[in-house]
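Colleague: I am attaching a structure below and will ask some questions about it afterwards.
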Amino acid sequence: MSRRPPAAAAESTPVLITETDALAALCARLRTEAFVTVDTEFMRERTYWPELCLVQLAGETEVAEVDTLAPGLDLAPLGELLADPAVTKVFHAARQDVEIFLLKFGAVPTPLFDTQVAAMVAGYGDQVSYDALCRSLAGAQIDKAHRFSDWSARPLSTAQLAYAAADVTHLRKIYTALDAKLRREGRLAWVAEEMGALAEPATYRLDPEQAWERLRPRTGNRRFLGVLKCIAAWREREAQRINIPRQRLVKDETLLEIAATTPETVADLARARGISEGFAKGRSGAGLLAAVKAGKELPDDALPEAPKDRPGPPASPALVALLKVLLAAKSEEHHVAPRLLASSDDLDRLASGDGADVAAMHGWRREVFGEAALALKAGRLALGVDGKRVKLIPAG
């Protein structure tokens, strides 16, 4: 099957797909393309699982919108397109879209290209928005009027469909511009390295047994942590079962209160902030009380460990400040977003010890920033000023 290379995209009228035969024919055509731009519209305000409402697809010359709520529509051809290793799937800020497709088809679309990540590598700043890239690379202005539409309501309006189509039509120009720039600069491998985490299914799957860690409890009481672990895991599974957002089931602060007070009866549970009497008496209340009991009965050797402070002496604030200056200088020199090179936590850990296992010390980041950071710490590199710029001065 021949693959058409990336080219300047022609404008076309979006087509709304509501039938399986039309979707199959569309996907067959798109599988001859070198890349396809993809976006989704979904609803999640009232549910745990995202409700996919619309999928937008664009090849070199055609644009289509798939009404995923159309009666009788089989999305299997879409799954086959997303799984085709010969067609690059282009997203902007892909994480939520990829999660939806993983849930729907059991696999991450492959291969992936995220233009937000690519723009960070290409020097367009941290987490650059689609709107900003449209203006700078596609010469287009996005109408934001329908950003908060109810995409589950039918029929979709002409204005909604036009808004949704813009998310993939301009993305073609953004992708081709970024691809060309990154090829010229020899940085496509950097982007491919960043796509590794997005392509890993584990990125999108929260283990209920680890859900308690997201609450960041500030205590070393392991029994408290054991109860919190059990009730946080219960909340995750119960929210999935009922299909409502976890915070609408039981808020974080309520979970922390329950872990501290360990209610044993319905009456005890109903006194917790945010827990109604009806909830306490119902199936969910019974499940929560059972989770509290399970946490209280965990053997000592099964209790989670309290979060540990970073070993060794605290990082020198002055050294952290120097590393921040170096990071800014390297970011400016290589036209890469600082956040992509190293996080604040990376800098703290680098300042605390040379053996820190952080992203900044691996792959292309080490080449661009990590080695210079080690040289600065070892006194082999100094920072100076040359006019309005920071310059790096070999020392020793």
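Colleague: Looking at the structure I just gave you, is residue 382 open to solvent by less than 60 Å² (accessible area, probe 1.4 Å), outside the structural domain of residue 195 (by the TED database) and part of a helix (DSSP H, G or I)?
Modeller: Details: open to solvent by less than 60 Å² (accessible area, probe 1.4 Å): yes; outside the structural domain of residue 195 (by the TED database): yes; part of a helix (DSSP H, G or I): no.
No; evaluated as a whole, the condition is false for this residue.
Colleague: Conditions: (1) over 30 Å from residue 281 (Cα atoms); (2) hydroxyl-bearing (Ser, Thr, Tyr); (3) outside the structural domain of residue 114 (by the TED database). Residue 262 meets all but one. Number of the miss?
Modeller: (1)
Colleague: With the structure loaded, tell me whether residue 370 is open to solvent by less than 40 Å² (accessible area, probe 1.4 Å) and either in a loop (DSSP other than H, G, I, E, B) or not hydrophobic (A, V, I, L, M, F, W, C) (or both) or whether it fails that test. Break it down into steps so the answer makes sense when it comes.
Modeller: On the way: open to solvent by less than 40 Å² (accessible area, probe 1.4 Å): yes; either in a loop (DSSP other than H, G, I, E, B) or not hydrophobic (A, V, I, L, M, F, W, C) (or both): yes.
It is true that residue 370 is open to solvent by less than 40 Å² (accessible area, probe 1.4 Å) and either in a loop (DSSP other than H, G, I, E, B) or not hydrophobic (A, V, I, L, M, F, W, C) (or both).
Colleague: Right, here's the next one. For a quick check of your reading: which helices (runs of 4 or more DSSP H) sit entirely within the stretch 62-177 and have at least 2 residues that are in contact (Cβ under 8 Å) with a residue 40 or more places away in the chain and not hydroxyl-bearing (Ser, Thr, Tyr)? Please lay out each step first, then the result.
Modeller: Working: elements: 76-83, 95-105, 115-121, 130-133.
Output list reads 76-83, 95-105, 115-121.
Colleague: Additional query: Taking residue 101 and the conditions (1) within 29 Å of residue 332 (Cβ to Cβ); (2) of a type outside the set (Asp, Glu); (3) touching a Leu at 6+ places or on another chain (Cβ under 8 Å), which numbered condition does it fall short on, given that it satisfies the others?
Modeller: (1)
Colleague: So which residues in the stretch 41-96 are within 23 Å of residue 137 (Cβ to Cβ), within 18 Å of the chain's Cα centre (by Cα) and open to solvent by 10 Å² or more (accessible area, probe 1.4 Å)?
Modeller: 41, 92, 93, 95, 96 - these are the residues of the stretch 41-96 that are within 23 Å of residue 137 (Cβ to Cβ), within 18 Å of the chain's Cα centre (by Cα) and open to solvent by 10 Å² or more (accessible area, probe 1.4 Å).
Colleague: Continuing with this model, one more query. Would you check which residues across the stretch 113-137 are open to solvent by less than 20 Å² (accessible area, probe 1.4 Å) and among the aliphatic types (A, V, I, L, M) and list them? So that I can check it myself, show each step before the final result.
Modeller: Filtering the stretch 113-137 down to residues open to solvent by less than 20 Å² (accessible area, probe 1.4 Å) leaves 113-115, 118-122, 128, 131, 133-134.
118, 119, 120, 121, 122, 128, 133, listed by residue number.
Colleague: Against the condition crowded, with 23+ Cβ neighbours inside 10 Å, in a helix (DSSP H, G or I), among the hydrophobic types (A, V, I, L, M, F, W, C) and in the same structural domain as residue 175 (by the TED database), how does residue 23 come out, does it pass?
Modeller: Numbers: crowded, with 23+ Cβ neighbours inside 10 Å: yes; in a helix (DSSP H, G or I): yes; among the hydrophobic types (A, V, I, L, M, F, W, C): yes; in the same structural domain as residue 175 (by the TED database): yes.
So residue 23 fits the description; yes.
Colleague: Among the candidates 214, 237, 223, single out the residue that is open to solvent by 40 Å² or more (accessible area, probe 1.4 Å) and either outside any helix (DSSP H, G or I) or without any contact (Cβ under 8 Å) to a residue 24 or more places away in the chain (or both). Walk me through how you get there before you give the answer.
Modeller: On the way: 237 fails: either outside any helix (DSSP H, G or I) or without any contact (Cβ under 8 Å) to a residue 24 or more places away in the chain (or both); 223 fails: either outside any helix (DSSP H, G or I) or without any contact (Cβ under 8 Å) to a residue 24 or more places away in the chain (or both).
Sole residue among the options that is open to solvent by 40 Å² or more (accessible area, probe 1.4 Å) and either outside any helix (DSSP H, G or I) or without any contact (Cβ under 8 Å) to a residue 24 or more places away in the chain (or both): 214.
Colleague: Continuing with the same structure: Kindly provide the set of residues from the stretch 143-181 that are surrounded by 19 or more Cβ atoms within 10 Å (Cβ to Cβ), within 18 Å of residue 50 (Cβ to Cβ) and within 23 Å of the chain's Cα centre (by Cα), ordered by number.
Modeller: Scanning the stretch 143-181 gives 151, 164, 167.
Colleague: Check the stretch 191-208 and report whether any residue there is open to solvent by 60 Å² or more (accessible area, probe 1.4 Å), in contact with a Cys (Cβ under 9 Å, 6 or more places away or on another chain) and in the same structural domain as residue 40 (by the TED database).
Modeller: The answer is no, given that none of the residues of the stretch 191-208 is open to solvent by 60 Å² or more (accessible area, probe 1.4 Å), in contact with a Cys (Cβ under 9 Å, 6 or more places away or on another chain) and in the same structural domain as residue 40 (by the TED database).
Colleague: Check every one of the helices (runs of 4 or more DSSP H) wholly within the stretch 241-319 and list those with 1 or more residues that are open to solvent by 70 Å² or more (accessible area, probe 1.4 Å) and within 30 Å of residue 345 (Cβ to Cβ). Outline the logic, then answer.
Modeller: Values: elements: 246-249, 252-261, 266-270, 277-281, 283-296.
Hits in the stretch 241-319: 246-249, 252-261.
Colleague: Testing residue 375 on (1) in contact with a helix residue (DSSP H, G or I) (Cβ under 9 Å, 6 or more places away or on another chain); (2) outside any strand (DSSP E or B), one condition comes back false. Which one is that?
Modeller: Unmet condition: (1).
The values are calculated or read from the model by the stated rules, or taken from the named source; none is laboratory data. All figures in this text were calculated on a predicted structure; none of them were measured in a lab. Positions of Cβ are backbone-derived with ideal geometry, glycine not excepted, and every protein chain shown enters the neighbour counts. Please note that ligands, DNA and RNA were not included when accessible areas were found on the heavy atoms of the full protein model with its side chains. Shrake-Rupley method; radii C 1.70, N 1.55, O 1.52, S 1.80 Å.
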